[in-house]
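Each remark here refers to the structure printed beneath this line.
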Amino acid sequence: MQLTTGFSNPPIDAARAFRLVLDAMAHPARIVDLPEIDAPAPCSPAAATVLLTLVDDTTPLHLAGAYDCDTVRDWVGFHLGAPLASPQDAAFALGTWDALGPLDRFAQGNAHYPDRSATLIVDSSELRNSGARLTGPGIKTEAFLALPDIAALQGNAAQFPRGVDFLFTSGAQLAALPRSTQIGGA
């Protein structure tokens with residue numbers, strides 16, 4: 001088994017990455033550059049950095065599609081110790097948009113505990129600040145982000161405070177789309 005490395009300086013790199021993830025969540029559609037690491041294929045460096053930062057041995061993780069492979073499973077087991085879970089039991093899920101769908105397979109929270117919902121890490125080919133018009137908390141007037149399925153994401157946002165949150169990754173970049181964000185057309 002040949003594993004890729006994690007953070008080169010775990011305390012410093014994890015703290016920096018955590019701050020950047022929080023910044024992205026606080027400012028939907030803001031594209032941030034994460035510390036680049038040697039990620040296991042097919043993960044982008046940003047997706048692997050998010051996993052190293054937010055997932056541990058108490059965090060159920062679902063791997064979808066091509067990400068549910070020996071290379072990623074071994075890396076997760078070694079670096080995170082996270083239990084692998086079904087979609088409905090996962091706190092986090094990783095995959096491409098198509099592999100993760102439909103969204104209702106994942107925990108949506110409930111009226112009393114909306115925080116019991118999943119966060120989906122959607123690995124993409126690129127992130128762009130164009131396309132769908134976004135408004136809501138953390139956005140001064142409006143922001144734009146190219147999204148894979150505007151109707152599905154609008155349906156998710158309409159459930160607020162329920163619904164799932166999204167972390168879109170590509171290369172070493174990350175953009176967040178919390179469920180509180182309102183999504184207009186492209």
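Count of the range 59-87 residues, restricted to those that are within 17 Å of Val122 (Cα to Cα) and among the polar types (S, T, N, Q), is 1.
Against the definition (at positive phi, assigned to a loop (DSSP other than H, G, I, E, B) and either free of Cβ contacts under 8 Å to residues at least 60 places away in the same chain or of a type outside the set (Lys, Arg) (or both)), how does Ala29 come out, yes or no? So Ala29 passes the test.
Of all residues in the range 98-124, those satisfying the criterion of being assigned to a loop (DSSP other than H, G, I, E, B) and not charged (D, E, K, R) are Gly101, Pro102, Phe106, Ala107, Gly109, Asn110, Ala111, His112, Tyr113, Pro114, Ala118, Ser124. Only residues that are of a type outside the set (Gly, Ala, Ser) and buried (at least 22 other Cβ atoms within 10 Å of the Cβ) were counted in the range 38-51, giving 5.
No other residue among Leu153, Leu134, Leu127, Leu120 is at pLDDT 95 or above and under 24 Å from Thr58 (Cβ atoms) apart from Leu120. In the range 73-89, the residues that are among the basic types (Lys, Arg) form Cβ pairs under 8 Å with partners that are outside any helix (DSSP H, G or I) and at pLDDT 95 or above, at six or more places apart or across chains, as follows: Arg73/Leu63; Arg73/Leu84. Could you tell me whether Leu174 is in contact with a Leu (Cβ under 8 Å, 6 or more places away or on another chain), without any contact (Cβ under 8 Å) to a residue 60 or more places away in the chain, closer than 27 Å to Asp68 by Cβ and not hydroxyl-bearing (Ser, Thr, Tyr)? Answer is no for this residue. Within the range 125-146, being more than 15 Å from Gln173 (Cα to Cα) and either in a loop (DSSP other than H, G, I, E, B) or touching a Lys or Arg at 6+ places or on another chain (Cβ under 8 Å) (or both) holds for Ser130, Gly131, Gly136, Pro137, Gly138, Ile139, Lys140, Thr141, Glu142, Ala143, Phe144.
Mind listing just one residue for me: the one in the range 1-14 that is assigned to a helix (DSSP H, G or I) and loosely packed, with under 13 Cβ neighbours inside 10 Å and, of those, modelled with the lowest pLDDT?
First, the residues of the range 1-14 that are assigned to a helix (DSSP H, G or I): 10-14.
Keeping just the survivors that are loosely packed, with under 13 Cβ neighbours inside 10 Å gives 10-12.
Working: Pro10: 84, Pro11: 87, Ile12: 91.
Filtering the range 1-14 for residues that are assigned to a helix (DSSP H, G or I) and loosely packed, with under 13 Cβ neighbours inside 10 Å, the one modelled with the lowest pLDDT comes out as Pro10.
When each of Val50, Val55 is tested for being in contact (Cβ under 8 Å) with a residue 60 or more places away in the chain and of a type outside the set (S, T, N, Q), the lone residue that passes is Val50. One residue stands out in the range 53-69 among those that are hydrophobic (A, V, I, L, M, F, W, C) and in a helix (DSSP H, G or I): the one that is nearest to Leu174 (Cα to Cα), namely Leu54. You will find that of Val76, Val50, Val72, the residue that is modelled with pLDDT of 95 or more, touching a Cys at 6+ places or on another chain (Cβ under 7 Å) and part of a helix (DSSP H, G or I) is Val72 and no other.
The values are calculated or read from the model by the stated rules, or taken from the named source; none is laboratory data. Bear in mind the structure is a predicted one, so any value in this text is a computation, not a measurement. So basically every Cβ, Gly included, is an ideal-geometry build from the backbone, and we count neighbours across all protein chains shown.
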